[in-house]
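Right, one structure below, let's go through it.
The values are calculated or read from the model by the stated rules, or taken from the named source; none is laboratory data. Just so it is clear, the structure is predicted and the values come from calculations on it, not from any experiment. We place every Cβ from the backbone using ideal geometry, glycine too, and count neighbours over all the protein chains shown.
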Amino acid sequence: MKKIIALLCILAIVACAFASCGGGETEGTSSFQGNEYTPIERAEIVYEKIGEPSVKPENTYKAGDIKEIGITIEGAKDGVLVLKVGKKASLTGKLLPENPAITTVYWESSNEKIVKVDKDGNVLAMAPGCATIACTTVLGFSDTVKVLVYEYEGNDELANQLVALLNDARAKELSKAATTDAASEDAATEGAASEEAASAAEGEEATDSLDQYKLKTTDTMLQYAINQRVYEEACEGKMDSTRPDFYGIGKDRQHTTVLTDYEIHSRGSTCLNGIWGEYTAEQVAEILLSSEDSKKAIMNKNYEYIAVGCYKNGEVTYWLVSMIIPF
């Protein structure tokens, strides 16, 4: 028995020494670079003030009164208002005609956990996400605006670098595949040699733009959603992967929340899992394109939109990539 106890003690000492020398991998540590994943401190939010909520106005029109025939909300660009959490903005309901007998309107938010609005059209951003503000007249005419609320606006410089690198790789490969297909088709239908058909196809490619093969970056809601998601991952310390060989299609935590929070609907979607560390955009692109799974997703012609979120904290950058197939 004494020999067994002594042996166990020796094993325990060896294990402790091994761990202290870095021989064991600990939770929250990257085995690739040895960086500790330290969650960042979330900034305190100070909320501005707005007034009391609206009360639905009564219809007290009398015979001969001028009545409204419509309303338009002013103060939002192209029907969308973007606000940082804690900040407020003012909207105005413009009645048509401008001088009806009753000018009182009713303001309402579709989700007060995200956006509040008072009786004068002042909007207050409460939490990240998307909500709709409606302004309704006495006779039921209504107009709406979308409000996008964010906590972290994103690092456009780094994000744009990664998008450009991925799009260049995608455009070259898809263009090459299209050229090969065209060459094969020409050779089969015209009976020409494969090399001649390929040469003709390459000539056409020179005059054709590669932009048709690139993923679009014009989905504003997706971009705000991915920015917010990567910030929350950095704050919470819950990035799914700390290694360079990362990918995950339609099943990870970031994927589900990034879509639902901002009411993004798609036929199909993918989110390439987050990565953190002292990585440049070039390194992240190389990592993504070196994995068959993530490369397959990037080269999939069915995907149309891409968004990259990145949060830089000192030397460490947190990256998250999302692509969707729209309705």
task = Among the numbered conditions (1) surrounded by fewer than 22 Cβ atoms within 10 Å (Cβ to Cβ); (2) at pLDDT 75 or above, tell me where Gly237 comes up short.
result = (2)
task = For Ala127, indicate whether it is closer than 26 Å to Asn313 by Cα and not assigned by TED's automatic domain parsing to the domain that holds Ala234.
result = yes
message = Suppose we filter Val138, Val85, Val117 for residues that are more than 30 Å from Glu233 (Cα to Cα) and modelled with pLDDT of 95 or more; which single one remains?
response = Val138
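How many residues does the stretch 309-320 hold that are of a type outside the set (Gly, Ala, Ser) and either part of a loop (DSSP other than H, G, I, E, B) or not assigned by TED's automatic domain parsing to the domain that holds Gly277 (or both)?
Here is the first cut: in the stretch 309-320, the ones of a type outside the set (Gly, Ala, Ser) are 310-313, 315-320.
Okay, now just the ones that are also either part of a loop (DSSP other than H, G, I, E, B) or not assigned by TED's automatic domain parsing to the domain that holds Gly277 (or both), so 315.
So the count comes out to 1.
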remark   = The condition of being outside the structural domain of Ser109 (by TED's automatic domain parsing), modelled with pLDDT of 95 or more, touching a strand residue (DSSP E or B) at 6+ places or on another chain (Cβ under 8 Å) and surrounded by 15 or more Cβ atoms within 10 Å (Cβ to Cβ) holds, among Ile40, Ile50, only for Ile50
request  = Inspect the stretch 79-91 for any residue being surrounded by 13 or more Cβ atoms within 10 Å (Cβ to Cβ) and out of contact with any strand residue (DSSP E or B) (no Cβ under 8 Å at 6 or more places or on another chain) and give the result as yes or no.
outcome  = no
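Might you let me know whether the stretch 209-230 holds any residue that is over 26 Å from Val149 (Cβ atoms) and modelled with pLDDT under 80? Explain how you work it out, then say what you get.
Step one: of the stretch 209-230, the residues over 26 Å from Val149 (Cβ atoms) are 209-214.
Next, from what is left, pick out any that are modelled with pLDDT under 80: 209.
Yes; the residues of the stretch 209-230 include at least one that is over 26 Å from Val149 (Cβ atoms) and modelled with pLDDT under 80.
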key: Boolean, Thr104 is out of contact with any strand residue (DSSP E or B) (no Cβ under 6 Å at 6 or more places or on another chain) and either touching a residue at least 40 places away in the same chain (Cβ under 8 Å) or over 25 Å from Ile306 (Cβ atoms) (or both)   = yes
note = In the stretch 272-308, anything aliphatic (A, V, I, L, M) and either modelled with pLDDT of 90 or more or part of a helix (DSSP H, G or I) (or both) is listed as Ala281, Val284, Ala285, Ile287, Leu288, Leu289, Ala297, Ile298, Met299, Ile306, Ala307, Val308
